[in-house]
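Step one of this worksheet: look at the structure below.
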Amino acid sequence: MNTNLKHVKQVILIACTLSITAACSDSQDSTSGAGFSGAQSGSGSTNTTFDKQQMVNDLVDHVYLPAIEDVLVNAQNQLVAVESYCEALQANQAEDATLKTTAQEAWKNTMYSWQQVEMMQVGPVGTDESYLRNQIYSWPVDSQCAVDLDVSYFENGNVSGSPYDIKNRTANRKGLDALEHLLFTESLAHSCKTDSLGPKGWNDRPELERKVARCKFATEVASDLVATAGELSSAWSSENGSNTIIDFETSLKTANDSNSNSSFENIDAAINHLTDGLFYLDTITKDAKLGSPIGLITNSCGTSTCLNDIESNISKHSLANVQSNLEAMLLIFQGSDPATQLAFDDYLTAVDAESLANEMRADITAAIAAIESFETEGSFADAVQNNPARVQELYAQTKKVTDNLKSAFIVFLSLQLPSSSAGDAD
């Protein structure tokens, strides 16, 4: 039997079973996942003894926390590299190409690690309207003109008469987006549409002055990134020592304890929250990063090819971002060490959906392999302009993963779709 057809039939069967159960019950209340984990939530249809709390603990310890820590470590290394580049520029009155390349590579490492966390927009990353996330990376809300203005404001030390403080500036003037512009944009002209909108007299200044001004602001942005990454790490980890606000790690690890102060009602609610983050792969990776630039999704150019909508286009890091997203998806799906850690593929196997687990794992791996071969054929922007069918193939491969994520995966584990995907039939 065709594997996809088999999944559809299984999904329909489970959906019908759930409907019949609800109709026969005296209570209309239900707990997500209860029907598939007897050992954790009462007697279920599969009577599995799968340890859901252990799965969450393994994912926290071996996937989520290491990813958060990698961002902090890479941000710290990035600051050192940017400082070295800028100090040499000012001291020698000339640009050191090697130090500039080192600073750019440090940015790429930080961005790659951050793109893992982009797939983990849960807890501190997603609260307060994604405040911490946006302070680190605000794409697609970014503005090179705003960054150029802040270069000038920082140099002068004030904004409209008030002392300059990067913490008070909007997200599109700092973070990884701003650093990409500051480190990779070759033109020293400001990016504003007219001189009247840009920093006063900027384009008339000597080249070295503009390089130094941008570099000094790059150091400020890199320093702010370290501070914000530290805030994120503290909000996640129990090592922050807070006695008043429970950290997210503890909240997840005590979700199954009714006597804890966890923010989750039970372990199923915690699992549902973690899976909500996976839908980034659908709405952002698949649609915004791959579909939008080639016009499969409505973009800022209408529905035609649109280079303006390419992520990390200045640094040519677009495909690496997508690859990092997919690698994070694979880590969450199977764990960093599948032989010793529980993850979602094990959960699916425990509810008699091993074929789905195998298919999703294979599809994620195939999408990663497609990017690795893609990168030998030129930049993403080149493909968008000259070979959009190649981008569409990668889109279709990623869609195989997200189609199962939005259907069979959710149904087998009795999860709820996030509100952003609830009405999405794509």
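The values are calculated or read from the model by the stated rules, or taken from the named source; none is laboratory data. Predicted model only: the values in this text are computed from it and were never measured. Because the Cβ atoms are built from the backbone with ideal geometry, glycine has one as well, and the counts that use them run over all protein chains shown. We work out accessible area using only protein heavy atoms, side chains counted, and drop any ligands, DNA or RNA first. Shrake-Rupley method; radii C 1.70, N 1.55, O 1.52, S 1.80 Å.
Things worth noting here:
- Accessible surface calculations at 1.4 Å, restricted to protein heavy atoms, place segment 93-193 at 43 Å² per residue.
- Between segment 73-101 and segment 282-351, the Cα center-to-center distance that results, in Å: 31
- Scanning residues 5 or more positions from Val159 or on other chains, those with amide H under 5 Å from its amide H are Tyr164, with H placed 1.01 Å from N in the peptide plane.
- Rounded to 0.05, the FRET efficiency of the Asp257 and Ser419 pair, given R0 = 45 Å and the Cβ-Cβ distance, is 0.95.
- According to the Cα-based calculation, Rg over Rh for segment 302-356 is 1.24, with Rh computed by the Kirkwood formula.
- Global form of segment 280-426, assessed from the alpha-carbon gyration tensor, a/c cut-off 1.5: prolate
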